[in-house]
Amino acid sequence: MEVYIVGICIAVCGNFLISISLNIQKYTHVRQSQRGTKPYYTSRLWWCGILLMGLGELGNFAAYGFAPASLIAPLGCVSVIASAVISVVFLKETLRASDILGDYY
């Protein structure tokens with residue numbers, strides 16, 4: 001049972017890293033489009049986002065070694081929830097009712 005907790009913690013941290021990386025990449029896309037200078041893939045910040053995504057996915061992969069897939073796979077929703085919160089705080093996006101309740105509210 002303690003091994004399962006390790007897997008859960010690794011999966012949650014990995015998904016949180018993925019959500020941070022996606023927001024970093026979006027920030028880079030927005031910034032580069034406003035400047036209109038270079039492609040986004042020339043930015044070091046964008047590559048930092050790619051690196052964080054790789055680490056997060058590696059964490060998810062490692063988590064499967066500690067806990068069953070039926071326990072780890074549903075934790076993928078952590079990245080969705082964290083992305084919603086981070087995008088509101090970091091990217092100053094607005095949070096609508098449909099973002100919280102879904103399309104059928």
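Every number in this text was worked out from the coordinates using simple rules, so none of it is lab data. Please read these numbers as outputs of a predicted model, since none were measured by experiment. Using ideal geometry, Cβ is built from the backbone for each residue, glycine included, and neighbour counts are taken over all protein chains shown.
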>> Can you match Cα Rg over 2.2 N^0.38 Å to one of these, [x] 1.24; [y] 2.01; [z] 1.10, based on a calculation from the structure here?
In response: [x]
> Quick one: S33, S83, fewest Cβ neighbours within 10 Å first, how do they rank?
Replying inline: S33, S83
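Going by how many other Cβ atoms sit within 10 Å of their own, how do K26, K92 line up, fewest first? Before the final figure, lay out the partial values.
Details: K26 19, K92 7.
Fewest to most other Cβ atoms nearby, the residues stand as K92, K26.
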>> Could you check the spin-label model distance between Q34 and V6? Points 7 Å from the Cα along Cα→Cβ, value in nm.
In response: 4.4 nm
> According to the square roots a ≥ b ≥ c of the eigenvalues of the Cα gyration tensor, what is the shape class of the stretch 1-55, taking rounded for a/c under 1.5, prolate for a/b larger than b/c otherwise, and oblate for the remainder?
Replying inline: prolate
> What distance in nm separates the simple spin-label points at V85 and I100, each placed 7 Å from Cα in the Cβ direction?
Replying inline: 1.4 nm
